[in-house]
1. Using a 1.4 angstrom probe and counting only protein chains, how large is the accessible area of W405 in Å², to 10?
2. What accessible area per residue, rounded to a whole number of Å², is obtained for segment 556-702 using a probe radius of 1.4 Å?
3. Rank T477, T727 by accessible area, highest first, at a 1.4 Å probe radius?
4. I want the local charge near A95. Using Cβ-Cβ distances under 10 Å, sum +1 for each Lys or Arg and -1 for each Asp or Glu among the other residues.
5. Averaging the inverse of every distinct alpha carbon separation and then flipping it gives the Kirkwood radius. What is it for segment 443-487, in angstrom units?
6. Viscosity 0.890 mPa s, temperature 25 °C: give me the Stokes-Einstein translational D for segment 645-732 in µm²/s, with Rh taken as the Kirkwood radius over C-alpha pairs.
7. Percent of accessible area on segment 635-693 owned by carbon and sulfur, 1.4 Å probe?
8. By how many nm would the segment from Q688 to V404 lengthen if fully extended, with 0.36 nm per residue of separation less the alpha-carbon distance?
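The values are calculated or read from the model by the stated rules, or taken from the named source; none is laboratory data. Bear in mind the structure is a predicted one, so any value in this text is a computation, not a measurement. All Cβ positions, even for glycine, are placed from backbone atoms using ideal geometry, and neighbour counts span all protein chains on display. Surface accessibility is based on the protein's heavy atoms, side chains included, excluding ligands, DNA and RNA. Shrake-Rupley method; radii C 1.70, N 1.55, O 1.52, S 1.80 Å.
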Amino acid sequence: MAYSHLVMRERLVLPAKVENMATGKNPLFDTATTLGKILGFLGVSAICGVLVAGLLVPAAAVSGSTASGSIEFFDTLPAELQVDPPSQSTKILAADGSVIATLFDENRTRVSLDQMSPYIKEAVIAVEDSRFYDHGGVDTTGIMRALVSTARGNRQGASTITQQYVNNVLNSNLAAEGKEADIKLNGVNKGVGDKLREMKLAIALEKKFTKEQILEGYLNIVFFNRDAYGIEAASKLFFSTSAKDLTLPQAALLAGVVNSPSFYDPIANPENAKNRRDLVLNLMLNQGKINQADHDAAIATPVETKVTPARQGCAYAATAAYFCDYVLHLLENDPAYGATIEERRSKIYRGGLTITTTLDPNAQAIAQGQVDASAGANPDKWGAALVSVQPNTGKIINMAQNTVWLPAEGKFQAEQNFNVDKLDANGNDLNGLGGAQPGSTMKPFTFAEYLNEGNSMNTVLNGAVRKYPQTFPWKNTCPTPTTGWYDSNVAGSTDLQNAEEGYYRSMTVLDGLANSINTMTFATAARVDLCGIQKVVDAVGIHQGLPSPDGPNPQIPMTTIGNLLGSKQTAPLTMAAAFATFANDGKYCAPIAITAVTDQTGAQLPAQSTNCRDALKPEVARGVNYALQEVLNRGSGSLIQPRISTRTNFPIAAKTGTSNMNESTWVVGHTTGLATAAWFGDPLGNQQRPGQNITVNGKFYKGIDGYMIAGPMFSQYMAQVAPAYGTNPFPAPPSNLVSGPAPRPSTQSTTPAQAPTQAPAPASGSDNKGRGNG
């Protein structure tokens, strides 16, 4: 029977005199005095007379119609005991079922009795309750022996396994309710009233459940060590084995630990543990549970532990600690798991949940290798992050960054997640950095609106225009006014800048995007409705990663013209999901990390599911893919080493990005089956440290550009991982959006090479964004 069905109720109300005696209010019953001991013995004996009368018959008979008046009186005592499943460990799993991390308040894994070694069952009964199968919950022989011993001044326990189970259940329920201060411990703060209640509950328990059910419950709940609750966790901790594979000496040792887990700890006190183990073995022999040969062999076995430490939490994750922490925050922020954060955490850490996630361990390992290699020893603490999503599902495939959660010598330690927003949409903490300036990776969204309005990407526009004054006639049908300007005639402003002098000229819109020309992005935006660009950006899920007075994930106002070049901090996960929209033929799928959650009974709990919407016209997405392939074939992305090209590898599209001061550099791109954002930059001081004239991984950089470090991370990762998710050709855009020659094939080698220490002159310019007001 599942423990969730084991529900009984009892409330014991003691007479005032009995209650006073139980709580020590009556000085006559002060057991510190000889008189007190005698009177205590007589008084308790009187109370227990009722119990004895009820216990001299089997439990089944106690409830029968022939029961005596004393038994009937005892049976009428109200009761309260809810035997819920004890706190169990929660596991976070990768998509392939491998364990990412274990979470617990009490490290426990429940197993059935048939999954326990026969030795542990016999050993526990031998040492804790040799008459377990003979009594009805309370051992009257043991009670009377203990009372006499206590009256003589020698404290002696008499609790049966059933009583111990009751006590553990009561304490477990108190712990689950956050009432640790009310927990009762034998010999510490347990009075006569507590013992009476415990006895009554033990008798009630035996009426309802079999001995096997009680023994199974006891062995799953009992405390062995602060990192091991229940026999399965104890077997793993002390011997790196399972409960079903315990040997006789191992089982006898663990059975002995229960009496005093600290004193008999085989790690801290092996001699004590051996003495106790040998006592258990002697009892087993005397009670006929083992033969002499097995006894002697077990006695001769030295105490040898093989410890597997219980590592709790995402800090000890086997992989993807920051993804694990992201998943944990998603659950802690979900009201479906409780009305308060305390209730939700209790369910997560005590509920024995199995949380299946979207993480691909192979992709994660490759991504981790790339970010770790990006900055080498990294004494200056530059940050690297790489995250991927599946375009048609939104599943997060990997989430990596070049830091460690716990302090370690020579490692960049950080607890913030570089890949995600600081807060979720409801204002709850996600432990995220909040992203970085995306720079020119924002340019494809202006390009998308240009195509959306029916324009051809091979239209020639004037990229020589550098002044966009306050009076410039931008088209803007949004209620939000247009703000910002580029005009050197205004104090504090400059004209719009490209990184290279040779590109202030006319060219096609396609060439402008492929080569990341700032003036061409503005020339393109000047031909469309800024409100249309806003709608594109909103539709593909792009928002700011840091909260503001406008909300936890505020909109990026594209009517502020400086934002056309990516000046607002955005998280890598947000950018990967946005580019995935292009790969998914214009459908945006919100990122998800959790595919299933089950509790310890196997019942399904709320999880995330694929949530997609139409964001762009399919022909627009196809047109953007066409252009972003050219970024890699002949534009700003062609400088990435090792080279990744739609002509020489597989169909792939991407855009580079670099902020003004080179402190934030990107490559974001996709195949038909995988979208990835790679970021390298300053994770400290709100991205205020320039990425100029610096040495990273032993190389000097005059100024870091997107293709230099983020580029190789993206290139090498996608080359290894993307084929597993599909690299089909992108559907061709309609001819009216292209209206020009087909993309030129690349002639560059695919031989891997190191990124240059300085940027050579790009084919047609750099992706550094221009400065401006607003």
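1. Looks like 40 Å² after rounding.
2. Spelled out: the 1.4 Å probe surface of segment 556-702, per residue, equals 28 Å².
3. Sorted by accessible area, descending: T477, T727.
4. Its environment carries a net charge of -1.
5. 12.7 Å
6. Stokes-Einstein gives a translational diffusion coefficient of 177 µm²/s.
7. After summing per-atom areas, the C and S share lands at 46 percent.
8. 100.0 nm
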